[in-house]
Amino acid sequence: ATTSSLDPVLAALRDERDFSYADIITVTGRVDSFWTEHFHEFDTIRYIINGTGYFDLRDANNEWVRFSVKAGDFFLWPGGIYHRFTVDDNNFVTAMRLFQGAPVWNSFVREEVKGNHSARMNYVDTYLCGQDPDAEVPATEAPTLGSGGTNAGKSSPDSSSTASAQTRQLLTLSVLL
């Protein structure tokens with residue numbers, strides 16, 4: 001059976017967004033490289049064929065947001081967002097990885113890159129209003145004891161709420177697709 005006959009919505013999205021290449025991956029347990037916090041240079045696009053699992057994504061406040069995935073879920077998020085994946089207690093998921101153009105599959109581990117990558121910097125500028133959680137705060141700008149938190153004086157309430165709203169919109173888009 002073709003993808004078109006199995007899921008006409010997926011087939012239409014593949015045509016509309018020019019997802020010209022796809023592969024299938026089956027995961028039957030925790031994979032360390034998937035669980036290690038990382039990002040990809042290009043958009044992450046997945047269609048869950050069978051099974052269940054969890055993706056965790058970092059939000060605008062550098063906190064994990066977990067969402068479960070199951071057969072029939074389709075989602076995407078932009079290159080540069082930190083994330084990780086694991087199966088749930090069922091220890092099984094089969095997913096289609098989709099690519100626009102030739103497949104490029106590179107992971108960049110957070111601890112090794114620390115934001116020093118063009119895809120990550122683009123993500124920070126677009127979705128986090130330029131506030132990179134990995135950026136070192138110069139000593140003159142470091143919050144002082146009792147100053148109200150780790151970001152006191154570093155970002156305005158407007159930029160933080162805008163970034164949070166953009167992240168919520170991104171996650172909502174991912175889940176709805």
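Tabulated results
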{"item": "Point-to-point label distance, E112-D15, nm (Cα→Cβ direction, 7 Å offset)", "result": "4.0 nm"}
{"item": "Average accessible area per residue (Å²) across segment 53-127 - probe 1.4 Å, nucleic acids and ligands excluded", "result": "47 Å²"}
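The values are calculated or read from the model by the stated rules, or taken from the named source; none is laboratory data. Source: prediction; values computed, not measured. Because the Cβ atoms are built from the backbone with ideal geometry, glycine has one as well, and the counts that use them run over all protein chains shown. Ligands, DNA and RNA are excluded from the accessible area calculation, which covers all protein heavy atoms including side chains. Shrake-Rupley method; radii C 1.70, N 1.55, O 1.52, S 1.80 Å.
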